[in-house]
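Derivation of every value follows stated rules applied to the coordinates shown; laboratory data play no part. A quick note: this is a predicted structure, and the numbers were derived from the prediction, not measured. Every residue, glycine among them, receives a Cβ derived from its backbone with ideal geometry; neighbour counts consider all protein chains shown.
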Amino acid sequence: MVLEDGSAVYESRFILEYLEAKFPEPPMLPDDIDGKLAARQVEVLCDGVCDAFVLLFMERHRPVEHQSQPWMARQQRKIDGGLAALARISGDREYVVGDRFGLADIAVGTVTKYLSVRWPEFPWRDRHPNLAALSDRLETRASFQDTVPYPQTFRDKIV
Ligand SMILES: N[C@@H](CCC(=O)N[C@@H](CS)C(=O)NCC(=O)O)C(=O)O
């Protein structure tokens, strides 16, 4: 995240910590310790899905003779398992954790939108209609509309 003075905060967990410290109201985390833990668990799952997808994506862009099918299958399992866990946790709740918008919603909405943008043919919506509904709801928020992810161009060859 690039700040107004041109400096940068990187790694999503630190970016969120920075934003929370700078703009504590409204809080991103629930007040109670169990709620905080639940939100952080969702964040970890989302990071895991995202990291596995980045690894899978990179592997797919290597020359085909260098690609490892078992490695790609391993990443795919993490993505599938992570999304299934997120779908189970979210259920049909309005917010992923507790009764107000917060970090867990940001994490889930970010990973689902990123998958939609970067991997449109992946059928996560058909598999998890509740996550699709949650994602669509989140995408109506101005903060999500203002920060739609876009695929970056890789200039260096992936070897
Ligand atoms: N651990 C880093 C991961 C950063 C990362 O790999 N981000 C990916 C999305 S999850 C990205 O920006 N990819 C660019 C693209 O796909 O165009 C973080 O959480 O900030």
Filtering segment 101-114 for residues that are buried (at least 21 other Cβ atoms within 10 Å of the Cβ) and in a helix (DSSP H, G or I) leaves a count of 9
Scanning segment 11-38 residue by residue, the ones that are within 16 Å of the ligand (Cβ to nearest atom) and either outside any loop (DSSP other than H, G, I, E, B) or among the aromatic types (Phe, Trp, Tyr) (or both) total 9
Among the residues of segment 1-10, the number that are loosely packed, with under 13 Cβ neighbours inside 10 Å and either assigned to a loop (DSSP other than H, G, I, E, B) or of a type outside the set (A, V, I, L, M) (or both) is 6
- request: Answer with yes or no whether Ile33 is surrounded by fewer than 13 Cβ atoms within 10 Å (Cβ to Cβ) and of a type in the set (Val, Ile, Thr).
  value: yes
Scanning segment 129-159 residue by residue, those under 15 Å from the mean Cα position of the chain (by Cα) and assigned to a loop (DSSP other than H, G, I, E, B) turn out to be Glu139, Thr147, Val148, Pro149, Tyr150, Pro151
With the structure loaded, tell me whether Val2 is closer than 30 Å to Val159 by Cα, hydrophobic (A, V, I, L, M, F, W, C) and within 11 Å of the ligand (Cβ to nearest atom) or whether it fails that test. no
Leu56 - would you say it is more than 11 Å from the ligand (Cβ to nearest atom) and either farther than 30 Å from Pro30 by Cα or surrounded by fewer than 19 Cβ atoms within 10 Å (Cβ to Cβ) (or both)?
yes
Residue count, segment 115-128, condition part of a loop (DSSP other than H, G, I, E, B) and among the aromatic types (Phe, Trp, Tyr), comes to 2
Reported set for segment 59-71 where residues are within 14 Å of the ligand (Cβ to nearest atom) and either more than 24 Å from Lys157 (Cβ to Cβ) or outside any helix (DSSP H, G or I) (or both) is His61
Among the residues of segment 123-148, the number that are under 30 Å from His66 (Cβ atoms) and surrounded by 14 or more Cβ atoms within 10 Å (Cβ to Cβ) is 1
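Conditions tested, residue by residue: (1) more than 13 Å from the ligand (Cβ to nearest atom); (2) acidic (Asp, Glu); (3) without any contact (Cβ under 8 Å) to a residue 40 or more places away in the chain.
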{"position": "Ala73", "(1), (2), (3)": "yes, no, yes"}
{"position": "Arg77", "(1), (2), (3)": "yes, no, yes"}
{"position": "Val97", "(1), (2), (3)": "yes, no, no"}
{"position": "Gly102", "(1), (2), (3)": "yes, no, no"}
{"position": "Val111", "(1), (2), (3)": "no, no, no"}
{"position": "Tyr114", "(1), (2), (3)": "no, no, no"}
{"position": "Arg118", "(1), (2), (3)": "no, no, no"}
{"position": "Ala132", "(1), (2), (3)": "yes, no, yes"}
{"position": "Pro151", "(1), (2), (3)": "no, no, yes"}
Q: For segment 31-42, indicate whether the set of residues that are under 30 Å from Gly81 (Cβ atoms), in contact with a helix residue (DSSP H, G or I) (Cβ under 6 Å, 6 or more places away or on another chain) and of a type outside the set (Asp, Glu) is non-empty.
A: yes
